[in-house]
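K.L.:
What follows is a single structure, and I will ask about it in a moment.
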Amino acid sequence: MTKKVVGNSQYQKLANALLILQLLRKGPNTRASIARELGLQPSTVTYNINRLLEAGLVRQANTQELFEQDKKAPITLGRRAISLELNRDFGRVIGLELLADFGWASLLDPSGSVLYSQQVAYPKQEGKTAQERFEHLVETVVNQMVEKCGEAKVLGVGIALPGIVEPNGQAIRDCWTHALKGADLSDFFKRSFDFPVIIENDANCCVQRYLFEGAAERQDNFIYVLTRSYPMEHVPAGVSPLGIGLGLVFDGNLYRGSDSRAGEFMSALMPTKQTGTQLSVSVTDARDIVTDVRIRLSVLTELVANIRSLASVLDPHIIYLGGFISDYSDEVVTLLPDELAQKVVFANAHNDASEGAAVNLLSLLYRIPQVGHVSPYGHLSSLFQESI
């Protein structure tokens, strides 16, 4: 006997519609196949598809794919099944990675396909507070990307930042690259944009890209090691120009820790009283990582030692390495023991962070609300719901 979990018909209609959207995100499908794959009544699928078609979220697929190849589908003499697909022109999602000295911007459609990805320059700013500078930066870059959307509706903006971000995606607890501490941006977002904007840690955004592509469904375990090297003129006094963060995924879920600090890296080889750096290398030596082979080899060796320790404890399926560590992949490979080398994948951190920031927002738009659970992203829950 199937236990009835939810009695609210409006909630159930929304949940069914979102399930259908999630399925169509993977590719075109027919009503009959959707009903079979989701375990829904054909009448339920027809009702929801009609709503989604009317809202513009779904359209008839422009494809000649033959669903007769589906062996599970019964052979009938009726009209040929119509293939349906997610309407990729329904809107656009903007993803931004905002580093200390420059940014990276990506533009995605509702399926998560990347339409544009490019480095962006920052506007010159003087005589403003750190938060005022950051708000002006966000407004400038977002407006540039909105222009690239043309006639398409902007569904929202995801921003990837180094540092610690509050779970609600609206406030920054600590981000030294933009000199922000305890910065609540919720009023600024509401005042400046008519679409949702959320912030997330950059390493967490990197893993979101892989979760959205199927790692969540597979319940994968993986680590993303994000390494950054900043110009000294953008680094506060006494702080290392090398920044390292981790994205941790267990059983297909992003792990944030008890206080949203999971992934804050600290080398096991660093002296216990040393501050201002995440590795044992001094701040002075860290700035020469590009030009001094000896220093670079020392940094890479220490990173690999820590990654090996993490891999031993957490036993991930894959370890993604992005940022400056991937720039020296040939040197890193020589340092990796065989059992670790088999798990390592070198990644493009800029694409992963900006595209991941966008799909982080997309995944929230597709997420089915949990009964009895108040989501920290409640401000996003109405975007698709208003349409369906």
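The values are calculated or read from the model by the stated rules, or taken from the named source; none is laboratory data. Computed from a predicted model, the values in this text were never measured in an experiment. Note that we place each Cβ from the backbone using ideal geometry, even for glycine, and neighbour counts take in every protein chain shown.
Each row is one residue, and each column tells you yes or no for (1) in contact with a Leu (Cβ under 8 Å, 6 or more places away or on another chain); (2) at pLDDT 95 or above.
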{"site": "Asp330", "(1), (2)": "no, yes"}
{"site": "Ala349", "(1), (2)": "yes, no"}
{"site": "Ser354", "(1), (2)": "yes, yes"}
{"site": "Ala357", "(1), (2)": "yes, yes"}
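K.L.:
Give the residue that is farthest from Glu213 (Cα to Cα), with candidates limited to residues of region 113-149 that are among the charged types (D, E, K, R) and either surrounded by 11 or more Cβ atoms within 10 Å (Cβ to Cβ) or touching a residue at least 40 places away in the same chain (Cβ under 8 Å) (or both).
P.N.:
This residue is Lys128.
K.L.:
Just wondering, is there one or more residues in region 161-170 that are under 17 Å from Ser106 (Cα atoms) and of a type in the set (A, V, I, L, M)?
P.N.:
Narrowing region 161-170 to residues under 17 Å from Ser106 (Cα atoms): 161.
Of the ones still in play, those that are also of a type in the set (A, V, I, L, M) are 161.
Looking through region 161-170, at least one residue is under 17 Å from Ser106 (Cα atoms) and of a type in the set (A, V, I, L, M).
K.L.:
Here is a further query. Considering region 285-338 alone, what residues qualify as being charged (D, E, K, R) and part of a loop (DSSP other than H, G, I, E, B)?
P.N.:
Within region 285-338, the subset charged (D, E, K, R) is 285, 287-288, 292, 294, 296, 302, 308, 315, 327, 330-331, 338.
Within region 285-338, Arg287, Asp288, Asp292, Asp315 qualify.
K.L.:
Go through region 176-248 and tell me which strands (runs of 3 or more DSSP E), entirely inside it, have 2 or more residues that are in the same structural domain as Ser106 (by TED's automatic domain parsing), modelled with pLDDT of 95 or more and touching a strand residue (DSSP E or B) at 6+ places or on another chain (Cβ under 8 Å). If you could, list the steps in order and put the result at the bottom.
P.N.:
On the way: elements: 180-184, 197-201, 222-229.
Here the list reads 180-184, 197-201.
K.L.:
Search region 304-319 for residues that are at negative phi and pair each with any residue that is aromatic (Phe, Trp, Tyr) when their beta-carbon atoms are under 6 Å apart and the residues are at least 6 apart or on different chains.
P.N.:
Qualifying pairs under 6 Å: Pro316/Phe222; His317/Phe222; Ile318/Phe222.
K.L.:
Now, a different point. Residues of region 265-289 being among the β-branched types (Val, Ile, Thr) and within 29 Å of the chain's Cα centre (by Cα), which ones? It would help to see each step written out before you state the result.
P.N.:
Kept after step one, since they are among the β-branched types (Val, Ile, Thr), are these residues of region 265-289: 272, 275, 277, 281, 283-284, 289.
Result: Thr277, Ile289.
K.L.:
What is the number of the single condition among (1) of a type in the set (A, V, I, L, M, F, W, C); (2) over 30 Å from Gln22 (Cβ atoms); (3) surrounded by 16 or more Cβ atoms within 10 Å (Cβ to Cβ) that Ala349 does not meet?
P.N.:
Result: Ala349 passes all but (2).
K.L.:
What do you reckon, is Ala341 touching a strand residue (DSSP E or B) at 6+ places or on another chain (Cβ under 6 Å) and either at pLDDT 95 or above or buried (at least 21 other Cβ atoms within 10 Å of the Cβ) (or both)? Reasoning before the result, please.
P.N.:
Numbers: touching a strand residue (DSSP E or B) at 6+ places or on another chain (Cβ under 6 Å): no; either at pLDDT 95 or above or buried (at least 21 other Cβ atoms within 10 Å of the Cβ) (or both): yes.
For Ala341, the condition - touching a strand residue (DSSP E or B) at 6+ places or on another chain (Cβ under 6 Å) and either at pLDDT 95 or above or buried (at least 21 other Cβ atoms within 10 Å of the Cβ) (or both) - is not met.
K.L.:
For Gly127, are the conditions met, namely being touching a strand residue (DSSP E or B) at 6+ places or on another chain (Cβ under 6 Å), in a loop (DSSP other than H, G, I, E, B) and either closer than 25 Å to Gly322 by Cα or modelled with pLDDT under 95 (or both)? Show your work before the answer.
P.N.:
Details: touching a strand residue (DSSP E or B) at 6+ places or on another chain (Cβ under 6 Å): no; in a loop (DSSP other than H, G, I, E, B): yes; either closer than 25 Å to Gly322 by Cα or modelled with pLDDT under 95 (or both): yes.
The answer is no for Gly127.
K.L.:
Given Ile159, Ile164, which one is under 16 Å from the mean Cα position of the chain (by Cα), surrounded by 15 or more Cβ atoms within 10 Å (Cβ to Cβ) and farther than 15 Å from Ala353 by Cβ? So that I can check it myself, show each step before the final result.
P.N.:
Working: Ile159 fails: farther than 15 Å from Ala353 by Cβ.
After ruling out the rest, the residue left standing is Ile164.
K.L.:
Hey, among the residues in region 76-103 that are in contact with a Lys or Arg (Cβ under 9 Å, 6 or more places away or on another chain) and of a type in the set (A, V, I, L, M, F, W, C), which one's modelled with the highest pLDDT?
P.N.:
Only one residue tops the list, namely Ile94.
K.L.:
Moving on to the next point. For Leu107, which of the numbered conditions (1) among the aliphatic types (A, V, I, L, M); (2) more than 22 Å from Ala349 (Cα to Cα); (3) buried (at least 20 other Cβ atoms within 10 Å of the Cβ) fails to hold?
P.N.:
Only one criterion is unmet by Leu107, namely (2).
K.L.:
Count, please, the residues in region 290-315 that happen to be of a type outside the set (Ser, Thr, Tyr) and over 28 Å from the mean Cα position of the chain (by Cα). Don't jump to the end; show me each part of the working.
P.N.:
Pass one, region 290-315, residues of a type outside the set (Ser, Thr, Tyr): 290, 292-297, 299-300, 302-308, 310-311, 313-315.
Remaining after also requiring over 28 Å from the mean Cα position of the chain (by Cα): 290, 292-297.
So the count comes out to 7.
K.L.:
Ok, one more. Answer with yes or no whether Ser106 is at pLDDT 95 or above and among the small types (Gly, Ala, Ser). Steps first, answer last, please.
P.N.:
Details: at pLDDT 95 or above: yes; among the small types (Gly, Ala, Ser): yes.
So Ser106 fits the description; yes.
K.L.:
Looking at this structure, is Ala268 in contact with a strand residue (DSSP E or B) (Cβ under 6 Å, 6 or more places away or on another chain) and assigned to a loop (DSSP other than H, G, I, E, B)? Break it down into steps so the answer makes sense when it comes.
P.N.:
Numbers: in contact with a strand residue (DSSP E or B) (Cβ under 6 Å, 6 or more places away or on another chain): no; assigned to a loop (DSSP other than H, G, I, E, B): yes.
No.
K.L.:
Take the conditions over 24 Å from the mean Cα position of the chain (by Cα) and within 28 Å of Ala105 (Cα to Cα) and apply them to Arg256. Does it pass? Before you say what the answer is, go through the steps one by one.
P.N.:
Numbers: over 24 Å from the mean Cα position of the chain (by Cα): no; within 28 Å of Ala105 (Cα to Cα): yes.
No, not satisfied.
K.L.:
Okay, moving on. Among the residues of region 251-265, which ones are in contact with a helix residue (DSSP H, G or I) (Cβ under 8 Å, 6 or more places away or on another chain) and either in contact (Cβ under 8 Å) with a residue 60 or more places away in the chain or outside any strand (DSSP E or B) (or both)?
P.N.:
From region 251-265, those in contact with a helix residue (DSSP H, G or I) (Cβ under 8 Å, 6 or more places away or on another chain) are 252-254, 256, 263, 265; that's our starting set.
Gly252, Arg256, Gly263, Phe265 - these are the residues of region 251-265 that are in contact with a helix residue (DSSP H, G or I) (Cβ under 8 Å, 6 or more places away or on another chain) and either in contact (Cβ under 8 Å) with a residue 60 or more places away in the chain or outside any strand (DSSP E or B) (or both).
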